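Notes for the one structure printed next.
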Amino acid sequence: MTRYAAPLDDMRFALYDVLDGERTLKQLPRGESLSRETIDAVLEEAARLSEQVLAPLNQSGDAEGCHFDKATASVTTPKGFKEANAQFVAGGWPGLTAPERYGGQDLPETVGALVKEMLDSANLSWGNYPLLSAGATEALLQHGEEWQREVFLKPIVAGRWTGTMCLTEPHCGTDLGLLKTRAEPAADGSYRVSGTKIFITGGEHDLSENIVHLVLARLPDAPTGTKGISMFVVPKFKVARDGTLGARNGVACGSIEHKMGIKASATCVMNFDAAEGYLVGQPNKGLTAMFTMMNAARLAVGIQGLGLIERAYQNSLAYARERLQMRALSGPKFPHQPADPIIVHPDVRRLLLTQKAIAEAGRVLVLHAALLGDTHLRSDDAAARERAEQELSFLIPICKGLLTELANECTYHAMQVLGGHGYIAEWGLEQFARDARITTIYEGTTQIQALDLLGRKVFQLQGAGLQVFLERIGAFCRQHADAAALAEFIGPLGKLAQQWGEITQRVGVAAAGNPEELGAAAVDYLFYSGYVTLAFCWARSVAAADAGARSGTFKQAKRATARFYFQRILPRTEAHAAMLRAGAASLMDLPEALFG
Amino acid sequence: MKILVGYKRVVDYNVRIQVKPDGSGVVSDGVKLSPNPFDEIALEEALRLREKGVASEVVVVGIGPTDLQAHLRNGLAMGANRAIHVATSDAVQPLTAARVLLKLVQKEQPGLVILGKQAIDDDCNQTGQMLAALWDRPQATFASKVEIGEDKARVTREVDAGLETLEVDLPAVITTDLRLNEPRFIKLPDIMKAKSKPIEILELASLGVEPGDHLKTLHYAPPPGRSKGVMVKDVAELVAALKSKGLV
Ligand SMILES: Cc1cc2nc3c(=O)[nH]c(=O)nc-3n(C[C@H](O)[C@H](O)[C@H](O)COP(=O)(O)OP(=O)(O)OC[C@H]3O[C@@H](n4cnc5c(N)ncnc54)[C@H](O)[C@@H]3O)c2cc1C
Ligand SMILES: Cc1cc2nc3c(=O)[nH]c(=O)nc-3n(C[C@H](O)[C@H](O)[C@H](O)COP(=O)(O)OP(=O)(O)OC[C@H]3O[C@@H](n4cnc5c(N)ncnc54)[C@H](O)[C@@H]3O)c2cc1C
């Protein structure tokens, strides 16, 4: 069985020491009464739930998967999921960040992000059910009418019902402008929704009394393309205005997918057949509505990547300390044992340090973004809100794109540490690698994150977010310019920040001449940006560790890991810079017919 | 009836304890601290008695440094009505703890005191017994089942020979064993509510307690590592080897 111990100490370090998060959260409206003590208590209890209730169901859930019963069109989740969910609900966790007036605890998204990391580390498949409920919550909060929030949102916040997001159709995932599901107005002001949605996470399951689907569909007179999409709320069981459950609605699960990972998360084909639904937000503004929820949803998937890296690291580290194979090249380190533990070998250390360096910096990145999110949502200073939004929108595709790609790399390394035992199911490491694979696909593929970063956030918005972020790095470098102990980090970071600006300019010029240059550059640009961003997170971490009251060994570990990152991961930026310089030609020159 | 519950903070049971290089103690810097598991069981039992209507109020008590308050908050989030923090920066040995508790017993007049049978840091297993003696009230230690009657408690204890049932007059001291109950998970709304529950702070020095820290620790050392084993041919050789080491 794989182990999991929530990294509470590193979480607190990232939030309080590196990011000064307690102060930020306290200064925001509704944060006055939020103390470190309360946050810590919440984290400790979430850790307990994750470690003791959810983590033990990860491997069994993977082995068992979900079951679909054709006769009743019902889906059964693996053994133990129902009970674990009941415990999650009884503990009040579904309402963690929801507003008090709908029954939530109104805690900041930053606290939510930390809790989410733990749930995802513990059991990514299970974590997908509350994730989609959070999506539905956001949709109803931001765009729903008051009665819709009363009727549909409150039970979701209470955890009695769950939510889904129904976007994808058989012929369209990335390009939602092509979607065909239709919504016909009915005489009573509601709509009848018909069509087929696929890949719907949590579309059907046995965890809750009712399921609230947020569905994208077209009105009869809607324009074609993305400007003709509206959002509807469609419950599995009809609901009267007073909240009582009625008959089954015209929506049913047609089948579930058999897939590589997250096997305990039900991925459903959903058939809508004149299902009763209600318009959420403005007609034809459904996709715009989705955009306002995108930051939260994409950050959430970035956190999934982080959660997997953390758990894979913990397990491969424990193995590397116990597995005895070969002697250290410089002579036996544990002469009384038949061989040395493999953690003595340089390349095993590379495998481990890569995971450690990315998990710890990734945590700082996620929390930095979450704090921006809270500032954006809560601040009463309009200028601060806008600045936070610019920087956040810029960082979101980096969080999502980079952390999910690196989750694939890191879970691969973790498997390698276990040798043959990493490849077999018993040890649980191959599951992490399989589970990681989806994270670069859903909620916008890596390609889409890259296009969003370069095309929209950098070029379309004239680099506003990039500017704010570069200024932040610049201010940090100036602040520590005289700190000799930080020179080895500040120097390269300053240079890279400058080169980042130059690369952006060059790609901009090239893309102005040939639009394909944008698509050719996007993913390399995403990685380049991501590695520089993590370098900044590491430099800040070392500065914060040195300045804080932590033990000598803690400071030593932060510095050594930062050094590893700067010397052995950050040089990847050079390769990405070279590929960016190469431009689109080598990608586009080969005629399609000659691909073979 | 009011129940007083001892609620100590210790190094978490999952932490691999490391001795400081100079042998002056164990490393606690950056180490995860948690409620003593036996004390969590004690609090859980008290809460269940309150939920049954047997008790009307549950008070948790902690003795320790200023940052103990977060820990006491945890007891409040679990459900205690209020907390008392006896503040001291010194380590506290069982006799001092028992004397402190006696002062609080005199002040609070509880109908029952529930403590853990031991704390997993020093494993002393003394405080409850000492408190009962100082208070001159009955004790029922290592409880695996507690039933409260009119003015008596029936307590099932785990002893070497099996289970033993005692009946004690109240007020009394009960100490908990591992199988008494399974402590609840704390609910998120209760964490938020605990923010406004009262914690009374009393300086240990102001209680007029005569210090009972008579044990002097000279040195901490990790247990010696296992030395390499030897294979023996038969039982005779095994017995001979044990004899030569003076083990039998
Ligand atoms: C397990 C699972 C759970 C899911 N959960 C949900 C859910 O709950 N709700 C929901 O609505 N959907 C869900 N999805 C669907 C998911 O969001 C889509 O699979 C995803 O958006 C990609 O769409 P697609 O599969 O149609 O791929 P396509 O859009 O066909 O893309 C195929 C490939 O082409 C690339 N590509 C496409 N356009 C471009 C471009 N312009 N430039 C560069 N590359 C491009 C993509 O990056 C990708 O690599 C889920 C999918 C899975 C597998
Ligand atoms: C599907 C499968 C089929 C197999 N088929 C066969 C078969 O038919 N016959 C057979 O005999 N075996 C077979 N094996 C075993 C396979 O060859 C071993 O798993 C492999 O040799 C690795 O050994 P290990 O698993 O013990 O890992 P370990 O030797 O424990 O290695 C663990 C990790 O430590 C690293 N490491 C170890 N020593 C050093 C060092 N000095 N320096 C740097 N890194 C080091 C390794 O690279 C690895 O990453 C099979 C394994 C699998 C999973």
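The values are calculated or read from the model by the stated rules, or taken from the named source; none is laboratory data. Not measured: the values here are computed from a predicted model. For neighbour counting, all protein chains shown are included, and Cβ atoms are generated from backbone atoms with ideal geometry for every residue, glycine included. Surface areas here come from the heavy atoms of the whole protein model, side chains and all, with no ligands, DNA or RNA. Shrake-Rupley method; radii C 1.70, N 1.55, O 1.52, S 1.80 Å.
What the table shows:
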quantity: Residues located in region A:6-43, provided they are within 20 Å of A:Gly91 (Cα to Cα) and in contact (Cβ under 8 Å) with a residue 12 or more places away in the chain; calculated: A:Ala6, A:Leu8, A:Leu34, A:Ile39, A:Asp40, A:Val42, A:Leu43
quantity: Those residues of region A:321-365 which are within 8 Å of ligand 2 (Cβ to nearest atom) and either assigned to a helix (DSSP H, G or I) or closer than 26 Å to A:Asp9 by Cα (or both), in sequence order; calculated: A:Ile342, A:Pro346, A:Asp347, A:Val348, A:Leu351
quantity: Single unsatisfied condition, A:Ala383 versus (1) open to solvent by less than 40 Å² (accessible area, probe 1.4 Å); (2) more than 16 Å from ligand 1 (Cβ to nearest atom); (3) small (Gly, Ala, Ser); calculated: (1)
quantity: Residue among A:Asn284, A:Asn315 that alone is in contact with a strand residue (DSSP E or B) (Cβ under 9 Å, 6 or more places away or on another chain) and farther than 18 Å from A:Pro130 by Cβ; calculated: A:Asn284
quantity: Scope region B:211-244; condition open to solvent by less than 90 Å² (accessible area, probe 1.4 Å), more than 30 Å from B:Asp90 (Cα to Cα) and assigned to a loop (DSSP other than H, G, I, E, B); matching residues; calculated: B:Gly225, B:Gly229, B:Val232, B:Asp234
quantity: Among the residues listed as B:Ser28, B:Ser34, the single one being open to solvent by less than 60 Å² (accessible area, probe 1.4 Å) and within 14 Å of chain A (Cβ to nearest Cβ); calculated: B:Ser34
quantity: Verdict on B:Gly53 being in contact (Cβ under 8 Å) with a residue 40 or more places away in the chain, part of a loop (DSSP other than H, G, I, E, B) and away from every other protein chain (no Cβ under 14 Å); calculated: no
quantity: Test: A:Ala6 is within 13 Å of chain B (Cβ to nearest Cβ), among the small types (Gly, Ala, Ser) and not in a loop (DSSP other than H, G, I, E, B); calculated: no
quantity: Of all residues in region A:152-207 being of a type in the set (Val, Ile, Thr) and open to solvent by 50 Å² or more (accessible area, probe 1.4 Å), the one that is farthest from ligand 1 (Cβ to nearest atom); calculated: A:Thr196
quantity: Every pair of residues 6+ apart whose Cβ atoms lie under 6 Å, when the first sits in region A:160-175 and is polar (S, T, N, Q) while the second is assigned to a loop (DSSP other than H, G, I, E, B) and surrounded by fewer than 24 Cβ atoms within 10 Å (Cβ to Cβ); calculated: A:Thr162/A:Ser208
quantity: Helices (runs of 4 or more DSSP H) (entirely within region A:16-124) containing at least 1 residues that are within 14 Å of another protein chain (Cβ to nearest Cβ) and among the small types (Gly, Ala, Ser); calculated: A:36-49, A:81-90, A:109-122
quantity: Answer residue from region A:397-422, given it is within 16 Å of ligand 1 (Cβ to nearest atom) and among the hydrophobic types (A, V, I, L, M, F, W, C) and is farthest from the other protein chains (Cβ to nearest Cβ) among those; calculated: A:Leu402
quantity: Residue in region A:337-349 that is within 14 Å of chain B (Cβ to nearest Cβ), more than 16 Å from ligand 1 (Cβ to nearest atom) and in contact with a Lys or Arg (Cβ under 8 Å, 6 or more places away or on another chain) present; calculated: no
quantity: Pairs where the first residue, in region A:401-425, is hydroxyl-bearing (Ser, Thr, Tyr) and the second is within 11 Å of ligand 2 (Cβ to nearest atom), C-beta under 7 Å, 6+ apart; calculated: A:Tyr423/A:Met415; A:Tyr423/A:Glu430
quantity: Per-region count, region B:194-216, residues within 14 Å of chain A (Cβ to nearest Cβ) and either within 21 Å of B:Gly116 (Cβ to Cβ) or at pLDDT 95 or above (or both); calculated: 3
quantity: Residues that are closer than 27 Å to A:Phe199 by Cβ, within 16 Å of ligand 2 (Cβ to nearest atom) and in a loop (DSSP other than H, G, I, E, B), drawn from region A:394-444; calculated: A:Gly428
quantity: Test: residue in region A:462-481 that is under 18 Å from A:Ile303 (Cα atoms), open to solvent by less than 40 Å² (accessible area, probe 1.4 Å) and out of contact with any Lys or Arg (no Cβ under 8 Å at 6 or more places or on another chain); calculated: no
quantity: Residue within region A:141-156 that is in contact (Cβ under 8 Å) with a residue 12 or more places away in the chain, away from chain B (no Cβ under 14 Å) and touching an Asp or Glu at 6+ places or on another chain (Cβ under 6 Å) present; calculated: no
quantity: Check on A:Leu308, in contact with a Ser or Thr (Cβ under 8 Å, 6 or more places away or on another chain), farther than 26 Å from A:Pro220 by Cβ, away from chain B (no Cβ under 14 Å) and within 16 Å of ligand 1 (Cβ to nearest atom); calculated: yes
quantity: Single residue of A:Ser316, A:Ser330 found to be away from every other protein chain (no Cβ under 14 Å), away from ligand 1 (no atom under 16 Å from the Cβ), of a type in the set (S, T, N, Q) and closer than 22 Å to A:Glu360 by Cβ; calculated: A:Ser316
quantity: Entirely in region A:185-299, the strands (runs of 3 or more DSSP E) that have 1 or more residues that are free of Cβ contacts under 8 Å to residues at least 60 places away in the same chain; calculated: A:210-217, A:230-235, A:237-239, A:245-248, A:251-256
